[in-house]
1. Tell me the relative contact order for region 70-195 as a rounded percent, counting alpha carbon contacts under 8 Å between residues six or more apart.
2. Could you state the accessible area per residue of region 80-148 in Å², with a 1.4 Å probe and every protein chain left in place?
3. Amide H neighbours of GLY327 under 5 Å, counting only residues 5+ apart in sequence or on other chains, H built in-plane at 1.01 Å?
4. Does region 246-289 classify as rounded, prolate or oblate by the C-alpha gyration tensor (a ≥ b ≥ c root eigenvalues; a/c under 1.5 gives rounded; else a/b over b/c gives prolate, otherwise oblate)?
5. Counting other Cβ atoms within 10 Å, which GluC sites (Glu not before Pro) in region 246-351 have at most 14 and lie in a DSSP loop?
6. Got a sec to turn the phi values of region 69-79 into Karplus ³J(HN,Hα) couplings, 6.51 cos²θ - 1.76 cosθ + 1.60 with θ = phi - 60°, whole Hz, x for Gly and Pro?
7. Please turn the phi angles of region 289-296 into ³J(HN,Hα) values with the Karplus equation 6.51 cos²θ - 1.76 cosθ + 1.60 (θ = phi - 60°), one per residue in order, whole Hz, x for glycine and proline.
8. For region 324-384, what does the accessible surface come to per residue with a 1.4 Å probe? Please give it in Å².
Amino acid sequence: MSMSSPPARLRCDDLGLGPVRHVRVIGGLSECPGCGLYQRLPDLEPGQQALCVRCGQKMARRRRTAPLAAPLAFCISSAAFYFAALASSLMTLDVYGRQRTVDLLTGPMELMHEGWGEAGILVGAVTVLAPAVAIGFMFAILYAGSRPQLPDWGPRILVWYDKLRPWSMVEVYILGIFVAYTKLTDMAHVDVGPAVYLIGALMLTMAATDSTLDTDMIWRHRRIDSLTRSEGGETAAVAYVHIDEIEMPPVDHLVACSACGLVGELSHPVSNLSCVGICPRCEHKVWRRLPQTLSRTTAFLIAAIVFYIPANLYPVMTFLRMGGGGGHTIVEGAIELWMDGMIPLSLLVFFASITVPMLKILSLAWMILQTWRGARGHLVMRTRLFRVVDMVGRWSMIDVFMISILVAVVRFNAMASVTANAGMVAFAAVVVLTLLAAWSFDPRIMWDAAGRNGPVPDGLPPAVLRARADPAVPSSLSPASMEPDQA
Ligand SMILES: [Zn+2]
Ligand SMILES: [Zn+2]
C-alpha cells in the first residue's frame with residue numbers, strides 16, 4: 001500500500017496517517033457496541049459505569065480508584081498460582097491399591113497419545129497456554145501503563161489481550177475437574193491434589209485483575225489531541241474536537257474503533273463493508289461493522305450444526321470397568337449423573353452441554369434470519385440475548401475438560417479405563433465453532449437492518465450512568481426507564 005494513492009479513495013493506512021482532511025477525532029462521543037447508537041459519554045467518576053440508553057450495553061469499563069496497583073498485585077498472584085499449579089499434582093486415583101497421579105498437562109498429553117490430537121491441543125491451549133499468555137500480556141499492559149509516555153506497543157498488547165482473554169478457560173476447567181471428581185468418587189478413592197486449589201485461586205486472581213484494570217486509564221494516558229505521526233519526514237496531526245464544541249456530525253460519517261472505542265468523523269459517508277483505515281490511537285484496523293459479519297457467522301453456524309449431529313449421536317467416551325461398561329453420549333452422561341443421585345451436577349452438565357449449544361445455534365440462526373429480513377421487532381431483546389449467548393458459550397467446554405481428566409487419570413488396563421471417542425471431538429468442534437460464530441456476529445447490524453441507525457433526529461442522548469451501591473443516583477436513571485424508543 002503506497003501513500004501516493006489518489007486521496008479520493010481511502011485506504012487502510014490513510015486514517016491517522018494521512019493529512020487532517022481525512023479524519024477528525026471526536027472526544028466525549030462513543031458508539032454502543034451492542035446497537036450502534038452514538039452517545040455522549042460523560043466523564044465517569046470512580047465506580048461509575050455508563051450504559052447505553054437504547055439497549056443497556058456497557059459503554060465503557062468501570063473506572064477504578066487504584067488503576068495500576070490493584071491489578072498488578074492480582075497479576076503477580078496469578079503468575080505465582082499458575083506456576084505452582086503447573087508444578088503440582090491435580091489428583092491421585094487409587095483403584096484396589098494401584099495408584100495413578102496426574103497433573104495439568106497429563107490430560108492433553110493422553111488425548112494426543114490416543115490419536116485425538118486436535119482435542120488434546122485445544123484442551124492444552126485453553127487451560128495451560130492461554131492463561132500464561134494472558135498473564136504475560138497483563139504484565140506488559142501494566143508496565144506500559146506505568147510509563148510516563150505510553151510505549152507504541154502498549155495499545156496493541158491491550159487489543160490482543162481482549163481477543164485472547166476469552167480463550168483462557170480456567171474457570172470452566174474448575175467445573176470440569178469437579179464433574180470428573182464426582183464421577184470418580186463412586187468407583188475409587190480419589191485424592192485431590194494441590195493444583196485444584198491453586199487453579200481455583202488462579203481463577204479468582206485473574207478475574208480480579210480484569211475487574212480492577214481500568215482500560216480507559218490506559219487510553220486516557222494516550223492523549224488523542226496530541227497524537228502526531230511522522231510519515232516520510234512529514235508530521236501530520238490528527239484533528240481533535242470535543243463533541244460539546246461542535247454540532248453532531250451525520251451518523252453515516254462516523255466510525256468507531258472496535259478495539260479502543262475512539263470515534264472519528266470522515267468527510268464522506270462510510271460504508272459498512274470496507275476497512276476505513278488504521279485507528280490513530282491503537283493502530284487496529286477500523287471497520288464500521290465487523291467485516292463480513294453475516295456471511296462469517298452463517299458459515300461458522302452451518303459448520304457447527306453439521307458437527308452437532310455426530311456430537312450427540314456418537315459416544316463421547318468409553319468407561320470400562322472390570323470388563324463391563326461401555327461408551328456413552330453426552331445425554332447419557334447427564335442421565336447417568338442423575339441416576340447416581342447427583343441431580344444438581346446432572347442439571348449443570350445438561351445445561352452446559354445440551355442447552356447452551358442448542359441455545360447458541362437457535363438464537364444466532366434467528367438473529368441472522370431477522371437481520372436478512374430487515375425485521376424491526378424485538379431489537380432490544382435480540383441484543384440482550386446476543387450478550388447472553390456470547391457470555392455462556394465457553395461453559396460448554398465442561399464435558400470436554402471432564403473427559404480429558406478422566407482419560408488422564410483412569411488408566412488401569414483391565415481394571416478400569418476411560419478412552420475418548422469421536423463424539424468428544426465433534427462436540428469440542430461444536431463449542432469452538434459456536435464461539436467463533438458469536439464472535440463474528442456484530443449485533444449492531446440488526447439495528448442497521450431495521451433502519452434504526454440513521455442520523456439521530458433529536459440531538460444526542462447522554463449515556464446512562466450506573467453507580468454500584470451508590471444511593472445518590474436516583475433509580476429513574478436506569479436504562480429501561482430512559483429507553484426512548486424501545487422496540
Ligand atoms: Zn446500545
Ligand atoms: Zn482504536
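1. Reported as a whole number, the value is 36 percent.
2. About 45 Å² of surface per residue is accessible.
3. Excluding prolines and chain starts, which carry no amide H, the hits are PHE319.
4. Cα axes put region 246-289 in the oblate bin.
5. The qualifying sites are GLU247.
6. For region 69-79, the Karplus-derived couplings read 4, 5, x, 5, 4, 5, 5, 5, 4, 4, 4 Hz, x marking Gly and Pro.
7. For region 289-296, the Karplus-derived couplings read 10, 4, x, 6, 4, 5, 6, 5 Hz, x marking Gly and Pro.
8. Ligands and nucleic acids excluded, the figure is 49 Å² per residue.
The values are calculated or read from the model by the stated rules, or taken from the named source; none is laboratory data. On a predicted model such as this, the values are computed, not experimentally measured, just so you know. Virtual Cβ from ideal backbone geometry, glycine too; neighbours counted across all protein chains shown. In case anyone asks, the SASA skips ligands and DNA or RNA and just uses the protein heavy atoms, side chains included. Shrake-Rupley method; radii C 1.70, N 1.55, O 1.52, S 1.80 Å.
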